[in-house]
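A.B. asks: Dropping a structure here in structure tokens format, bear with me for questions.
The values are calculated or read from the model by the stated rules, or taken from the named source; none is laboratory data. Remember, predicted model here, so these are calculated numbers, not experimental data. Every residue, glycine among them, receives a Cβ derived from its backbone with ideal geometry; neighbour counts consider all protein chains shown. Heads up: the accessible areas ignore ligands, DNA and RNA and are worked out on the full protein's heavy atoms, side chains in. Shrake-Rupley method; radii C 1.70, N 1.55, O 1.52, S 1.80 Å.
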Amino acid sequence: LNLGACAVVTDAVKAAVADRRLVGAICAAPSVLGDLGLLEGREATCYPGFESRLTGAAVAGKKVAASGRVITGQALGSAIPFALELIRQLVGEQATDRVQAAICF
């Protein structure tokens, strides 16, 4: 709730989505994206109980949802798959494979 009420945060997130920069949100944070209307037509996931706040999204019941340059994660238990998807989007499949192997995941 605090992040969603902070204009500095919401302005930065809106600008990042508009500029097609990579945006990631995990746990309850995807609700901020939903409240801002930034999940319209996207697949998204969040901490259970916050689904109603993913306005306009196709709510995915999975650990990580990547929809274009917006990546959402369910909770702490999905942090590693979430991080691996961020790496995949930022630097590619080979780097992701190396990190995944290095952390024995």
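A.B. asks: State in Å² the accessible area per residue of the stretch 5-105; use a 1.4 Å probe, count heavy atoms of protein chains only, and round to the nearest integer.
C.D. replies: 54 Å²
A.B. asks: Compute the length gained on full extension between Lys62 and Asn2: take 0.36 nm times their separation in residues and subtract their Cα-Cα distance, giving the result in nm to one decimal.
C.D. replies: Residue separation times 0.36 nm, minus the Cα-Cα distance, leaves 19.1 nm.
A.B. asks: Quick one: with all protein chains in place, what share of the accessible area of the chain is carbon or sulfur, to the nearest percent (1.4 Å probe)?
C.D. replies: The computed percentage sits at 59.
A.B. asks: Oh, and also: With the crude spin-label approximation of a point 7 Å out along Cα→Cβ, what separation in nm comes out for Asp35 versus Gln100?
C.D. replies: Here the answer is 3.4 nm between the modelled labels.
A.B. asks: Where q = 0.11, 0.14, 0.21 Å⁻¹, what log10 of I(q)/I(0) comes from the Debye formula for the chain, counting one point per Cα?
C.D. replies: -0.32, -0.51, -1.06
A.B. asks: Write down the percent of antiparallel bridges among all DSSP beta bridges whose residues are both part of the chain, to the nearest 5.
C.D. replies: About 40 percent, rounded to the nearest 5.
A.B. asks: Please give the length that would be gained between Leu22 and Gln89 if that part of the chain were fully extended, namely 0.36 nm times their separation in residues minus their C-alpha to C-alpha distance (nm, one decimal).
C.D. replies: Using 0.36 nm per residue and subtracting the Cα-Cα distance, I get 23.3 nm.
A.B. asks: If you build a Gaussian network model of the chain, linking Cα atoms that sit under 10 Å apart, which residue out of Ala75, Ala28, Ala12 swings the most?
C.D. replies: Most flexible of the set in this elastic network: Ala12.
A.B. asks: Rounded to whole Hz and in sequence order, give me ³J(HN,Hα) for the stretch 13-24 from the Karplus expression 6.51 cos²θ - 1.76 cosθ + 1.60, θ = phi - 60°, writing x for Gly and Pro.
C.D. replies: Coupling constants for the stretch 13-24: 5, 4, 5, 5, 5, 4, 8, 6, 7, 5, 10, x Hz.
A.B. asks: For the chain, with only Lys/Arg (+1) and Asp/Glu (-1) charged at the beta-carbon, what is the dipole magnitude about the Cα centre, in debye rounded to 20?
C.D. replies: 100 debye
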